[in-house]
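Trainee: Here's a structure for you.
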Amino acid sequence: MSVITRVAEPTEYAGPGVRERVRQELRAGWMVWRREMLHLLRDRTRVVMSLLQPFLFLLVLGVGLSRLIDSVGTAPGAGPAYLVFLFPGVLVMAVQAPAVSVGASIVWDRQSGFLREMLVAPVRRSTLLIGKCLGGATVAAVQGAVVLVVAGVVGVPYRLDLFLLLFAELLLASLVMTALGAVVAVTIQRMATFHTVLGALITPVLFLSGAMFPLASMPAWMAALAVLNPLTYVIDVMRRTVGAFTTTDGTPLAGPVTWAGRELPVALEVGLVVGFVVVLLGVAVRRFSRAE
């Protein structure tokens, strides 16, 4: 009697299913986001030092300029209004340093070899980069929100609904600057060059955003550059938000962003900023996904 033994044929491994792959991508993005938050909790000295500059701008430069405006008598009430006018710009300045530091951490992780260890994970590179940008934007918005504690000093009321709106807008501003820093970081290899290039980019972007002086006072060529700046729209939305909750909204100084003399709706301004974020992240992901 013969015994026939059947040997199972090897089957090709199909890998994880779609649901499992999505779960892995989300988990990887969450871990990168969480790493950025842990850095915030462990490096409190950096947090305190990064807040010194915006506090100085608001409480020293802002107060000095508001008294100067009052003394020359350019417009009744323009002095106190200048502090309210300046407040959204100072909030954006507070998120600038932590937001762009995400790009510096990408360059540092590449030089230290940590980035290479991350890239061996069985997830898309785009997931790692987007998780890092979202984590950096969250950290920057949380740091910027600390400036809200001095809102009452400049005449902005302490209201939870106002602060929640400003925090959401700060998150959007942080995401724009984080994505810009990521584009520079995935393009440049050397840390010293990264800081030089980013500094040359961020300074004019901030000055041309209407953070410290209104767009109406700019010459035509400067105003034309300002409408190409995503921070111009973020700050204008924040200024409108503050104006809706205050009696002194900076009206003698502030004017809305206009195209061909027509005021832009808030929804359009938010949509433009989201569009800038998508384009910048798309460029950064495209370059980051290339094999080194």
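Trainee: When the residues of the range 212-236 are narrowed to those that are at pLDDT 85 or above and under 16 Å from Leu86 (Cβ atoms), which ends up farthest from the chain's Cα centre (by Cα)?
Mentor: The selected residue is Asp236.
Trainee: Mind listing whichever residues of the range 253-279 are part of a helix (DSSP H, G or I) and either charged (D, E, K, R) or open to solvent by less than 40 Å² (accessible area, probe 1.4 Å) (or both)?
Mentor: Glu269, Val273, Gly275, Val277
Trainee: Among the residues of the range 50-84, write down those that are touching an Asp or Glu at 6+ places or on another chain (Cβ under 8 Å) and at pLDDT 75 or above.
Mentor: Ala81, Val84
Trainee: Right, something else. For the range 158-201, which residues satisfy the criterion of being open to solvent by less than 40 Å² (accessible area, probe 1.4 Å) and either small (Gly, Ala, Ser) or not in a helix (DSSP H, G or I) (or both)?
Mentor: If the condition is that a residue be open to solvent by less than 40 Å² (accessible area, probe 1.4 Å) and either small (Gly, Ala, Ser) or not in a helix (DSSP H, G or I) (or both), then Ala173, Ser174, Ala179, Gly181, Ala182, Ala185, Ile188, Gly199 are the ones that fit.
Trainee: Within the bounds of the range 140-156, is there any residue that is within 19 Å of Leu52 (Cα to Cα), open to solvent by 30 Å² or more (accessible area, probe 1.4 Å), free of Cβ contacts under 8 Å to residues at least 12 places away in the same chain and of a type outside the set (Gly, Ala, Ser)?
Mentor: yes
Trainee: OK, next. Return the residue satisfying two criteria in turn: it lies in the range 85-120 and is modelled with pLDDT under 80 and either outside any helix (DSSP H, G or I) or of a type in the set (A, V, I, L, M) (or both), and of such residues it is surrounded by the fewest Cβ atoms within 10 Å (Cβ to Cβ).
Mentor: Filtering the range 85-120 for residues that are modelled with pLDDT under 80 and either outside any helix (DSSP H, G or I) or of a type in the set (A, V, I, L, M) (or both), the one surrounded by the fewest Cβ atoms within 10 Å (Cβ to Cβ) comes out as Val120.
Trainee: Within the set of pairs 6 or more residues apart or between chains, which connect a residue that is outside any helix (DSSP H, G or I) inside the range 208-229 to a residue that is open to solvent by 70 Å² or more (accessible area, probe 1.4 Å) with Cβ atoms less than 8 Å apart?
Mentor: Listed by first residue and then by second, the contacts come to Leu208/Leu225; Val227/Trp259.
The values are calculated or read from the model by the stated rules, or taken from the named source; none is laboratory data. Bear in mind that the values here come from a model prediction, so they are computed numbers and not experimental data. Virtual Cβ from ideal backbone geometry, glycine too; neighbours counted across all protein chains shown. Quick note on the areas: whole protein, heavy atoms, side chains included, nothing else; ligands and nucleic acids left out. Shrake-Rupley method; radii C 1.70, N 1.55, O 1.52, S 1.80 Å.
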